[in-house]
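Remarks on the structure that follows.
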Amino acid sequence: MRRKFIALLLVATGLVLVFGVATASETEQTSTVVPNQPPDGAEYVGEQTCFQCHGQSYRDWQQTPHAMAEEPVGCESCHGPGSVHVETAQSTDLSDPNSETVRELRQTIVKTVDAAVCGQCHAVNDAGERSAGYLPGTDLSAVFTLADPANEDVFWPTGHEKLPGTQYNGWVVSRHANALPTITEAGFAREECLACHSTDFNFQNPTFEQDVVTLENAQFGITCVQCHSPHGALAEPQLRFEAYDLCVSCHTGTDLGNNPIRVGGTVHHPMREMFEGISFLGLDPNPSPHFANEAYGPICSSCHMPQTVVIDEENSAASHTWLVIIPTDAAEGQPDSCTGCHSVERNPDNTPENLTFVIEDIQEDTMGRVEDIRAELDPIVEEQGWDPEAEEKSEAQLTAERIHTLVSFVEADGSWGFHNPGYADDILSEAEDLLDELFDLIEE
Ligand code: HEC
Ligand code: HEC
Ligand code: HEC
Ligand code: HEC
Ligand code: HEC
Ligand code: HEC
Ligand code: HEC
Ligand code: HEC
């Protein structure tokens with residue numbers, strides 16, 4: 001395994017071509033087990049056999065809709081055929097869980113967070129059919145072609161899913177699916193970034209050094225099992241946490257418990273802080289009317305996972321593209337993000353045009369104010385050439401830093417004020433007042 005580590009170093013030094021090939025052929029000669037693919041000759045044995053050694057996983061799995069489905073989705077649907085694993089386990093000395101033999105045993109069964117494992121059943125092709133003959137751990141696209149997002153039998157014109165059991169079709173084009181390249185291509189990524197950008201990082205088993213997931217070897221962005229537990233779960237439908245807690249565990253400006261929302265800091269993704277109106281830099285708290293209405297108010301998924309799969313009058317399923325549907329963008333018969341709650345039946349003013357106007361009006365106003373502040377602030381900062389690391393800062397510099405942090409909070413929330421129009425107004429009003437003060441300070 002030391003060899004693999006050397007190969008990684010070579011990638012870093014650009015010598016990978018020559019040595020990478022040599023390593024691959026050597027591995028072929030020494031072992032028939034390809035990690036995370038079912039071993040050659042493995043056959044299906046059924047979940048009763050797995051139960052003998054994995055009682056807890058079995059009992060947790062029994063509580064899931066998978067186990068209760070008409071044709072149960074068994075262990076081997078996701079872990080691949082298990083006969084070689086079972087035979088190996090029966091003849092392996094398990095006394096030392098950290099031994100090389102136990103590590104080899106683990107490699108005889110597939111354990112992967114790859115969304116393709118779910119996609120083999122939760123996706124359709126252009127004819128509306130599901131995949132056949134897929135083996136977990138292998139490449140789904142080699143045996144199955146996903147429906148074209150322009151296919152209007154499968155998708156609405158907005159790109160949201162129309163047919164049941166198509167979560168993978170939606171997810172695959174979402175930014176969650178691509179969250180890993182975002183950081184690896186950003187150039188300033190650190191190990192901690194993976195906690196919100198990579199599911200294999202979050203569910204790694206670090207018992208063996210070779211299996212530790214790093215920036216170099218992470219493979220997946222945010223996959224299905226980041227949010228859904230395959231065996232047992234805290235919340236419906238098979239969610240690891242209640243939906244709101246799940247979203248705000250990453251969509252928060254307080255980065256893994258650190259609080260970068262301080263004077264001078266650039267705030268990132270403070271959706272939670274904006275929606276809940278959480279106080280920062282001395283502002284008064286100001287929850288959005290949506291968050292404040294605990295009984296009927298929407299949570300993140302109400303607007304970002306609209307129920308675009310309409311099965312019948314009572315049943316529908318949520319989109320996994322995470323894109324909001326603005327009421328006037330919805331096609332005939334397509335649910336949008338607002339009218340499920342703000343229907344014309346409740347209030348005749350709730351026409352698609354009016355609701356869209358509300359959103360666009362808030363966004364245009366917010367965007368305009370942010371642009372105006374930036375147009376004044378940024379040239380001042382450039383002109384003054386302040387040292388951000390200075391120990392003693394002038395009042396003018398501190399004021400400019402405060403304005404920057406306030407505005408970056410509104411920018412990084414991503415909704416241009418819509419998540420909480422009142423709070424966005426409070427924040428921008430404060431920034432505008434401070435900008436007037438800044439002009440006075442600089443003139444002095
Ligand atoms: C004879 C006992 C035995 C049987 C039967 C058995 N396993 Fe295992 N399995 C083990 C042991 C021991 C390990 C390694 C320690 C651990 O991870 O719990 C393991 C590990 C695993 C892992 C983790 C692999 C990894 O990479 O960490 C999975 C997944 C798994 N087994 C699935 C199954 C499935 C599915 C079946 C039924 C087809 C099954 N096992 C049957 C003993 C068994
Ligand atoms: C819907 C797919 C799915 C089904 C069905 C499923 N698993 Fe898993 N299992 C996974 C995934 C994905 C992981 C890795 C992520 C995780 O640990 O949650 C995993 C992890 C495991 C592990 C390793 C746990 C650990 O902490 O490292 C074991 C053991 C296991 N499964 C056994 C089973 C057994 C036994 C069954 C049947 C009773 C089963 N699984 C059914 C998808 C599934
Ligand atoms: C072999 C096919 C198959 C595989 C593999 C599979 N599923 Fe499913 N899944 C189903 C079926 C069929 C149902 C519907 C069960 C029912 O409610 O009748 C289902 C139901 C679900 C539900 C619950 C829906 C509800 O309404 O409560 C969730 C969540 C889910 N799957 C997630 C996953 C995830 C995540 C994976 C991958 C780790 C996965 N599935 C892998 C076939 C599969
Ligand atoms: C594990 C962390 C994590 C969790 C949990 C999470 N997100 Fe995300 N989300 C991200 C990251 C990271 C991105 C940006 C990915 C990128 O651009 O590469 C993102 C992007 C998004 C986007 C932008 C989509 C687009 O295409 O413009 C929306 C909307 C979103 N998430 C909503 C949600 C909702 C709703 C939930 C809860 C159901 C949720 N997220 C749960 C980390 C997470
Ligand atoms: C607390 C969770 C979390 C951590 C830690 C995290 N991110 Fe993100 N990241 C997100 C979320 C959520 C988004 C989606 C923001 C949006 O859609 O506006 C995102 C989006 C991004 C984007 C897309 C551009 C943007 O701002 O919309 C980049 C680039 C990025 N992150 C880089 C990083 C880097 C580099 C690190 C480590 C230094 C990191 N992230 C750490 C949650 C996190
Ligand atoms: C009442 C509906 C609603 C609720 C609730 C809501 N959002 Fe949004 N969100 C929007 C709208 C509308 C936009 C702007 C979308 C646009 O302009 O296309 C947006 C924008 C975003 C964006 C930026 C999208 C992008 O493409 O970059 C992210 C990320 C996001 N919201 C995440 C969240 C999270 C996390 C929560 C929960 C804390 C949440 N939202 C709650 C309606 C909502
Ligand atoms: C960022 C978190 C997140 C990810 C990633 C995610 N889901 Fe979901 N999923 C949810 C939430 C939240 C719901 C409940 C939505 C609702 O009804 O409000 C849900 C609902 C479902 C359902 C139940 C159908 C319904 O809407 O009632 C299925 C099945 C499902 N997801 C499968 C998948 C599959 C398969 C993947 C990967 C391709 C996946 N999910 C990825 C958060 C996620
Ligand atoms: C899950 C239901 C739900 C969804 C989805 C939802 N809302 Fe609301 N909305 C509410 C409730 C409940 C209130 C009332 C808050 C109160 O007055 O207590 C509200 C209040 C409002 C208000 C008035 C706020 C104020 O200042 O009093 C506006 C405007 C609004 N919503 C627009 C939207 C738009 C636009 C969307 C779609 C992007 C949307 N809502 C999605 C439930 C929802």
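The values are calculated or read from the model by the stated rules, or taken from the named source; none is laboratory data. Note that the coordinates shown come from a computational prediction; the quantities given were computed from them, not determined experimentally. Cβ placement follows ideal geometry from the backbone for every residue including glycine, while neighbour counts extend to all protein chains displayed.
Side notes on the structure shown:
- Selection from the stretch 217-239 of residues that are out of contact with any Lys or Arg (no Cβ under 9 Å at 6 or more places or on another chain), closer than 23 Å to residue 69 by Cα and within 16 Å of ligand 5 (Cβ to nearest atom): 223
- Every listed requirement among (1) surrounded by fewer than 20 Cβ atoms within 10 Å (Cβ to Cβ); (2) over 30 Å from residue 55 (Cβ atoms); (3) free of Cβ contacts under 8 Å to residues at least 60 places away in the same chain is met by residue 235 save one, (2).
- Spans of helices (runs of 4 or more DSSP H) in the stretch 159-258 with at least 2 residues within 16 Å of ligand 2 (Cβ to nearest atom), touching a Ser or Thr at 6+ places or on another chain (Cβ under 9 Å) and farther than 24 Å from residue 410 by Cα: 167-171, 199-202, 224-227
- The condition (being away from ligand 8 (no atom under 16 Å from the Cβ), of a type in the set (Asp, Glu) and out of contact with any Cys (no Cβ under 9 Å at 6 or more places or on another chain)) is satisfied by just one residue among 70, 76: 70.
- Of the helices (runs of 4 or more DSSP H) contained entirely in the stretch 1-107, those carrying at least 1 residues that are touching an Asp or Glu at 6+ places or on another chain (Cβ under 7 Å) and at pLDDT 90 or above fall at 55-62, 75-79, 83-90, 100-106.
- Residue under evaluation residue 316, criteria (1) under 26 Å from residue 363 (Cβ atoms); (2) more than 16 Å from ligand 4 (Cβ to nearest atom); (3) in contact with a strand residue (DSSP E or B) (Cβ under 6 Å, 6 or more places away or on another chain); (4) among the polar types (S, T, N, Q), criterion not met: (1)
Every residue, every condition in (1) touching a Gly at 6+ places or on another chain (Cβ under 9 Å); (2) more than 20 Å from residue 231 (Cα to Cα); (3) free of Cβ contacts under 8 Å to residues at least 40 places away in the same chain; (4) surrounded by 15 or more Cβ atoms within 10 Å (Cβ to Cβ), yes or no:
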site	(1), (2), (3), (4)
45	yes, no, no, yes
63	yes, no, no, no
71	no, no, yes, no
78	no, no, no, yes
89	no, yes, yes, yes
95	no, yes, yes, no
125	no, yes, yes, yes
139	no, yes, yes, no
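- Boolean, residue 121 is touching a residue at least 40 places away in the same chain (Cβ under 8 Å) and not acidic (Asp, Glu): yes
- Of the residues making up the stretch 291-300, those that are outside any loop (DSSP other than H, G, I, E, B) and crowded, with 18+ Cβ neighbours inside 10 Å are 291, 300.
- Residue 338, sole failed condition from (1) surrounded by 18 or more Cβ atoms within 10 Å (Cβ to Cβ); (2) under 17 Å from residue 236 (Cα atoms): (2)
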